[in-house]
Amino acid sequence: MKIKVYTVAAVLVLVPAPAAAASPSEWPQPGYGPGSTYYNPNESRLNAGTIDRIRERWKLPAHGPSRCETGADPVLAGGRLFTTDPGGIGAYDPATGARRWHLGLPRTTVRRLAIADGRLLMLSSECALPAEYESHLTAYDPATGRRLWAAGLAKFSYDMRIDRGTIALDSNQDGLASTIAYGVSDGRFRWLRRGDRGDGLVPAGGRVLLRGAGGGAMGVSIADGRTLWRTKNNWYAVGSDPAGTRFYVGGPGLSAVDAATGRVLWASPLQAAEVTSDGRHVYFARARSVECLDAATGHKLWSIHLHGVAGRPVRAGGLLYAANAANPDAASPTNPDAASPTNPDAASPANPDAVGAATLAIVDAATGRPEKSGISGSVDHPAVVAGGRLFTTDGDELRAYY
């Protein structure tokens with residue numbers, strides 16, 4: 001793999017203060033924590049000095065042959081890795097791949113898994129319609145797989161974010177894209193914002209950024225759904241910072257916004273569909289490149305050019321992991337028609353060059369200097385890095401490297 005590095009400014013990199021989110025061995029939600037920063041501040045074992053020694057240790061199928069089943073991104077907590085597997089979901093030893101328990105879920109599509117407040121949360125959907133409920137929220141005991149509570153959702157939900165004991169979901173109410181919330185402890189309904197949608201449902205310090213049906217956007221308390229501030233700008237969240245103090249928003253360009261007030265901190269003309277932040281830097285994929293900005297000013301620091309379409313970067317242990325697809329025509333923000341119901345040839349075993357057939361570019365997070373390549377990855381499923389281990393999935397197979 002050839003990587004070209006474009007340095008715009010010399011950077012003094014300081015280690016950011018770690019966010020209080022998870023222990024070193026954990027990656028409890030997709031994106032690491034509540035803010036989906038895709039940054040593990042506690043990882044230290046997997047770094048520039050150890051990355052060359054890792055190799056594939058084990059792998060397992062992420063789903064069975066049923067068309068109901070899809071592979072969801074894995075999460076880690078309490079010394080266990082939780083993932084979809086053939087016929088349902090399971091808990092696995094992250095060191096060996098040995099299964100600790102399995103829960104059969106017939107005719108179920110698992111969309112999201114997350115660990116919060118001592119519970120394994122699952123967002124799933126019915127495979128056969130019509131059904132009494134189009135989607136379901138379920139909580140399990142992570143140690144045993146025992147069901148703790150279940151809530152039926154009248155409308156489909158595809159995304160799930162958890163913060164402050166609250167589960168926020170996308171929804172549809174009376175034909176309007178909406179946002180709905182439930183409690184982590186008991187699965188009870190908390191609040192509904194009819195017509196206010198979280199395009200990029202990303203919490204920042206207990207707040208979510210929603211767009212109104214009539215235009216404009218607002219900062220909303222995730223705990224109770226109260227409006228905290230409003231703006232006429234048609235913003236949507238593409239990320240947040242580890243401290244939960246700011247949203248990164250698109251529309252147009254990329255801006256950093258104070259999450260508590262809605263005040264614009266800086267604006268860049270560069271467009272980003274989703275960003276990764278370690279508190280000091282902002283990283284994002286842009287066609288066949290990965291860009292790095294100074295989080296304080298929005299100024300560009302460096303960029304790397306990859307051989308294929310780049311996926312969302314992951315930051316951990318002084319390294320940056322970014323998948324790049326072997327086929328530049330695979331699904332990306334610039335090619336939304338790939339890998340869709342109207343394009344059945346994308347991302348299938350018969351078409352290995354479609355999205356999912358990708359490798360990871362692993363580079364120094366401070367400079368973009370290449371460190372390692374050749375590990376499998378996916379532009380649709382960012383890597384998971386925790387406890388000195390690297391986990392990758394393409395939605396069909398989960399692999400562990402260390």
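The values are calculated or read from the model by the stated rules, or taken from the named source; none is laboratory data. These numbers were taken from a predicted model, which means no experiment stands behind them. Glycine gets a Cβ as well: all are built from the backbone with ideal geometry, and neighbour counts include every protein chain shown. To get the accessible areas, we keep the full protein, side chains included, count just its heavy atoms, and leave off ligands, DNA and RNA. Shrake-Rupley method; radii C 1.70, N 1.55, O 1.52, S 1.80 Å.
When a/c reaches 1.5 or more, the comparison of a/b and b/c decides; with that in mind, is the chain rounded, prolate or oblate per its Cα gyration tensor? In terms of gyration-tensor shape, rounded. In this structure, Ala326 and Arg369 have a Cβ-Cβ separation that, at R0 = 25 Å, corresponds to a calculated FRET efficiency of about 0.65. Solvent exposure of the range 203-318 amounts to 34 Å² per residue of accessible area, where only protein heavy atoms count and the probe is 1.4 Å. The share of accessible area on the range 103-242 that comes from carbon and sulfur is 44 percent, using a 1.4 angstrom probe.
A simple spin-label model places the labels of Arg164 and Arg286 3.3 nm from each other, with each point 7 Å out along Cα-to-Cβ.
Going by the alpha-carbon gyration tensor, a ≥ b ≥ c the square roots of its eigenvalues, is the range 202-243 rounded (a/c under 1.5) or, if a/c is not under 1.5, prolate (a/b greater than b/c) versus oblate? Taking the square roots of the gyration eigenvalues as a ≥ b ≥ c, the range 202-243 is oblate. Computed about the Cα centre, the dipole magnitude for the chain is approximately 660 debye when only Lys and Arg (+1) and Asp and Glu (-1) carry charge, each at its Cβ. So, in nm, how far is label Ser66 from label Asn47 when the simple model puts each one 7 Å beyond its Cα toward the Cβ? Result for the modelled spin labels: 4.5 nm. Counting 0.36 nm for each residue step from Phe156 to Trp266 and taking away their Cα separation leaves a gain of 36.0 nm. Fully extending the segment from Asp117 to Arg147 would add 9.3 nm, taking 0.36 nm per residue of separation and subtracting the current Cα-Cα distance. Here the Karplus relation 6.51 cos²θ - 1.76 cosθ + 1.60, evaluated at θ = phi - 60°, turns the backbone of the range 156-169 into coupling constants of 4, 10, 10, 10, 9, 10, 10, 7, 6, x, 10, 9, 9, 9 Hz, with x for every Gly and Pro.
Each Cα pair under 8 Å and six or more residues apart adds its separation to the average, and for the chain the resulting relative contact order is 16 percent. Computed extension length for Arg55-His102: 14.3 nm, one decimal, from 0.36 nm per residue of separation with the Cα-Cα distance subtracted.
Comparing Ser376, Ser124, Ser44, which has the greatest mean-square fluctuation in the GNM of the chain with Cα pairs linked when under 10 Å apart? Largest GNM mean-square fluctuation: Ser44. Under the classification rounded if a/c is under 1.5, otherwise prolate if a/b is larger than b/c and oblate if not, where does the range 77-219 fall, given a ≥ b ≥ c as square roots of the Cα gyration tensor eigenvalues? Since a/c reaches 1.5 and a/b is larger than b/c, the shape of the range 77-219 is classed as prolate. Note on the range 200-240 and the range 52-117: Cα centroid distance 32 Å, given to the nearest whole angstrom. Springs join every pair of Cα atoms under 10 Å in this Gaussian network model of the chain, and among Leu46, Leu129, Leu210 the largest mean-square fluctuation is at Leu129.
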